[in-house]
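What follows is a single structure, written as structure tokens, with notes after it.
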């Protein structure tokens, strides 16, 4: 919805690399120019304000960021939000921030949000992560006042409205008991993430940037192991453990990285560690 609202075909979007792969597919499908921002562990897999400033081209129209990020689960820090918003504003561009993992945090505390620094950003969120409603395909946007009516017109032509069942489920998700359950799940995911982080490092993986939220680990495969795509294939075929190779998320130094989801039951995660121990030996 934001692509047709904010840009025309041929205009550019700045996207982190590595980053969620569907971003670049959405941008390309609309005929816009994917302009990558190489990010790495040295900067917590998040772009810096100066990097955005230098990467902005004559046809750049928007910058799309995610906090916590996918695949690394790292956050843009609160003090940096204001600087990034200032850079994009000075360029007369649009800032879009995907905060879909907001709430899925180590201590159940709110994570930094761009809303604390600017009213001009477009914030994307969903019921699928914190509320555990994956598959219901229901989310929301927080946008500047002047964007509301145009977005309503776009929505009416794309899907009219979510199903009544999905809307009723979303309303129920805001009940006190549902929020308490979502908070318990977030704490449980944080414990599983710590368990997997310690277990992976014990068998030779390296996690160069500890996640701030979400439920992923972006880990470098053990020294002596093949590159990540081959390693993932071996893990699946030989020991039955599924991981995502880093190259799915971009080309910037991802050849030896894998993304690991920690959302399975603890028993399954411990079993996966034991199986990977044999593969990594």
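Values in this text are rule-based calculations from the coordinates and carry no lab data. These numbers come from a predicted model, not from an experiment. Because the Cβ atoms are built from the backbone with ideal geometry, glycine has one as well, and the counts that use them run over all protein chains shown.
The residue of the stretch 1-16 that is farthest from the chain's Cα centre (by Cα), among those that are in a strand (DSSP E or B) and buried (at least 22 other Cβ atoms within 10 Å of the Cβ), is 13. Yes or no: the stretch 220-228 includes at least one residue that is assigned to a helix (DSSP H, G or I) and either under 22 Å from residue 16 (Cα atoms) or touching a residue at least 40 places away in the same chain (Cβ under 8 Å) (or both). Yes: one or more hits. Only residues that are part of a loop (DSSP other than H, G, I, E, B) and either in contact (Cβ under 8 Å) with a residue 24 or more places away in the chain or closer than 15 Å to residue 251 by Cα (or both) were counted across the stretch 17-60, and they come to 15.
For residue 259, all conditions in the list (1) over 26 Å from residue 129 (Cβ atoms); (2) in contact (Cβ under 8 Å) with a residue 40 or more places away in the chain; (3) touching a strand residue (DSSP E or B) at 6+ places or on another chain (Cβ under 7 Å) hold save one; what is the number of the exception? Of everything listed in (1) over 26 Å from residue 129 (Cβ atoms); (2) in contact (Cβ under 8 Å) with a residue 40 or more places away in the chain; (3) touching a strand residue (DSSP E or B) at 6+ places or on another chain (Cβ under 7 Å), residue 259 misses just condition (1).
Of 228, 209, all but one fail to be touching a helix residue (DSSP H, G or I) at 6+ places or on another chain (Cβ under 8 Å) and buried (at least 22 other Cβ atoms within 10 Å of the Cβ); the exception is 228.
Conditions (1) in contact (Cβ under 8 Å) with a residue 12 or more places away in the chain; (2) out of contact with any helix residue (DSSP H, G or I) (no Cβ under 9 Å at 6 or more places or on another chain); (3) assigned to a loop (DSSP other than H, G, I, E, B), marked per residue:
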{"residue": "112", "(1), (2), (3)": "yes, no, yes"}
{"residue": "124", "(1), (2), (3)": "yes, no, no"}
{"residue": "128", "(1), (2), (3)": "yes, yes, yes"}
{"residue": "132", "(1), (2), (3)": "yes, no, yes"}
{"residue": "152", "(1), (2), (3)": "no, yes, no"}
{"residue": "156", "(1), (2), (3)": "no, yes, no"}
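Exactly one residue out of 199, 204 is part of a loop (DSSP other than H, G, I, E, B) and surrounded by 14 or more Cβ atoms within 10 Å (Cβ to Cβ): that is 204. The selection criterion, being surrounded by fewer than 15 Cβ atoms within 10 Å (Cβ to Cβ) and outside any strand (DSSP E or B), holds for residue 268.
Screening 69, 89 for residues that are under 16 Å from the mean Cα position of the chain (by Cα) and either assigned to a helix (DSSP H, G or I) or surrounded by 21 or more Cβ atoms within 10 Å (Cβ to Cβ) (or both) leaves exactly one candidate, 69. Scanning the stretch 158-185 for residues that are surrounded by 14 or more Cβ atoms within 10 Å (Cβ to Cβ) and assigned to a helix (DSSP H, G or I) yields 166, 169, 170, 173, 178, 179, 181, 182, 183, 185.
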